[in-house]
Amino acid sequence: MQRDTAIFDLIEKERARQTHGIELIASENFVSEQVMQAMGSVMTNKYAEGLPGKRYYGGCEVVDLSEQLAIDRAKELFGVEWVNVQPHSGAQANAAVMLAVLQPGDKILGFDLSHGGHLTHGSPVNFSGKLYQPSFYGVEQETGLIDFDKVVETARREKPKLIICGASAYSRDWDYKKLRAAADEVGALLLADISHPSGLIARGLLNNPFDHCHIVTTTTHKTLRGPRGGMIMMGKDFENPFGLKTPKGEVRMMSSVLDGAVFPGTQGGPLEHVIAAKAVAYFEALSDDYLTYVKQVQLNAQAMAKAFVEKGYNIISGGTDNHMMLIDLRSKGLTGKLAENTLVKADITINKNMVPFDDKSPFVTSGMRVGTAAITTRGLKEGDMSRIVELIDTVLVNNDSESKITEVRKDINNWMQDYPLFAY
Ligand code: PLP
C-alpha cells in the first residue's frame with residue numbers, strides 16, 4: 001500500500017507544534033510512550049461487544065484480560081466497587097448515565113455552562129438539554145464561588161431527578177456531602193462528573209466524591225493522563241430506585257443498568273485499543289511518580305494563579321484548588337478571543353472561555369482558561385510559572401506588535417528545547 005504522506009506529514013507538523021510551544025489548555029495533557037503504543041496497537045482490530053467473559057464475538061480471550069485489567073486497576077486507583085471503562089468519551093459516559101437513570105422529560109439540575117459547567121449537564125444545544133428538563137445553579141457574582149446552600153435551595157424548588165456536580169472551568173473544590181443531603185431530600189440521584197480533576201481526586205488531593213455521589217463519570221485524558229476516553233464508576237453499587245424490575249420481579253442493580261446503558265444503550269463495540277491504553281494509564285497513575293506529578297500540577301497551578309494576581313489579572317474566585325484557573329480579562333480591556341488568537345502566535349495555547357455573568361458571546365468571551373496538567377508533564381516546576389505569566393502578559397500587552405510577539409515566540413521555542421517531549 002502506498003504511504004499516506006499527506007496525513008503523516010500533518011502528524012509531524014502537529015508533533016512539532018506540541019513540542020515547540022507552551023500548552024496551557026486545561027483539558028489537555030501529554031500521554032506516555034506506553035499509553036501511545038497501546039493506543040496504536042493491534043487491539044484496534046478487535047470487535048468485542050459485551051463485557052469481559054460475556055461477549056457477542058469470538059476471539060475475545062485476550063481483550064477480555066486487557067479490559068479486566070483496566071477495570072481492576074481503575075477500581076484500585078479510585079477505591080471503588082464498580083467501573084465501566086468502555087465509554088468512548090466523557091460526553092458518552094454522561095449520556096449513558098442519563099439514559100440509565102432518567103426518562104425523557106425528567107428534570108435535571110446542573111452547573112451553568114456559562115459559569116463553568118459542561119455542555120452535557122443540560123445545555124439546550126446538547127442531548128442533555130433537549131431530552132431532559134434542565135435547571136441550573138451558578139457561582140456568586142462577588143466571590144466567584146458556588147454557594148452550596150443556594151444549590152440546596154434550588155434543588156428543593158426544582159425537585160430534579162438527577163443533580164449533576166462537576167465542571168469544565170471551576171477552580172475550587174466541591175461540597176459533595178451537602179449535595180448528597182439535598183439529593184436525598186428531594187429523591188434525586190447525585191452524579192459527579194470529575195473529568196477535569198480526576199487525577200487529583202484519585203490520589204487524594206481533593207475531596208472524595210465516592211463517599212457521597214451515587215455515580216461518578218470522568219474523562220481519561222485530562223489530569224488522569226490517559227488516552228482520550230470516558231469511564232463510569234460507583235463507590236458502591238445500589239438498587240436502581242427508578243428502574244423497571246426484571247421479568248422475575250427483581251429490582252436491577254445500578255451496575256447492570258449502567259452497563260446496559262453503555263452497550264447496547266448508547267454505544268456499539270468498545271475501543272479495545274483505547275481500553276488497553278486506559279489500563280496503562282491507570283497502572284501509571286497508581287505509581288509514586290504519578291503522585292509526585294499531581295502534587296506538582298497543583299503547586300504549579302497555585303504558583304501560576306499567584307503570578308497572575310500579582311500582575312493585576314482577575315482570577316475568578318481569586319485562586320485555585322485544582323489544576324486550572326479562569327481569568328476575567330475585562331479589567332485588562334481584552335476579550336478571550338483576542339487573547340487566544342494573539343497568544344497562539346507566540347506558541348502559547350490557551351482557550352477563550354465565558355466567565356460568570358459574561359456580557360460577550362461564546363465566540364468572543366471575556367475570559368481565558370489555563371491549566372497546568374500538560375506543562376507539568378513536560379517537567380516545568382512552580383519556579384517556572386512566573387516566567388510563563390510574564391511571557392503571557394508581554395504578548396497580551398503588546399497584542400498589536402508582531403515584532404514583540406515574535407521575540408516571545410523565539411524565547412519560548414528556545415526554552416522548550418530544554419524540555420524534550422516525545423521519545424516516540
Ligand atoms: N465533562 C466535563 C466536565 C468536561 O470538561 C468534558 C470535556 O471537556 C466532558 C465531560 C466531555 O468529554 P469529551 O470531550 O471526552 O466528550
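What to note about this one:
- Scanning region 173-225 for residues that are over 14 Å from the mean Cα position of the chain (by Cα) and at positive phi yields G187, G204.
- Breaking point among (1) away from the ligand (no atom under 16 Å from the Cβ); (2) in contact (Cβ under 8 Å) with a residue 24 or more places away in the chain, for S256: (2)
- Of all the numbered requirements in (1) in a loop (DSSP other than H, G, I, E, B); (2) away from the ligand (no atom under 16 Å from the Cβ); (3) of a type in the set (S, T, Y), Y290 misses one, and that requirement is (1).
- Residue within region 226-234 that is under 30 Å from G318 (Cα atoms) and more than 16 Å from the ligand (Cβ to nearest atom) present: no
- Residue in region 147-159 that is more than 11 Å from the ligand (Cβ to nearest atom) and among the aromatic types (F, W, Y) present: yes
- Of the criteria (1) without any contact (Cβ under 8 Å) to a residue 40 or more places away in the chain; (2) within 16 Å of the ligand (Cβ to nearest atom); (3) among the β-branched types (V, I, T), which one T218 fails: (1)
- Matching residues in region 73-94 - criterion: being within 16 Å of the ligand (Cβ to nearest atom), of a type in the set (A, V, I, L, M, F, W, C) and not in a helix (DSSP H, G or I): V85
- Any hit, region 262-271, residues being part of a loop (DSSP other than H, G, I, E, B), at pLDDT below 95 and away from the ligand (no atom under 16 Å from the Cβ): no
- Of all the residues in region 68-94, those that are of a type in the set (F, W, Y) and either surrounded by 22 or more Cβ atoms within 10 Å (Cβ to Cβ) or under 19 Å from the mean Cα position of the chain (by Cα) (or both) number 1.
- K332 touching a residue at least 12 places away in the same chain (Cβ under 8 Å) and in contact with a Phe, Trp or Tyr (Cβ under 8 Å, 6 or more places away or on another chain): yes
The values are calculated or read from the model by the stated rules, or taken from the named source; none is laboratory data. These figures come from a predicted structure and were not determined experimentally. Heads up, the Cβs are rebuilt from the backbone with ideal geometry, glycines too, and the neighbour counts pull from every protein chain shown.
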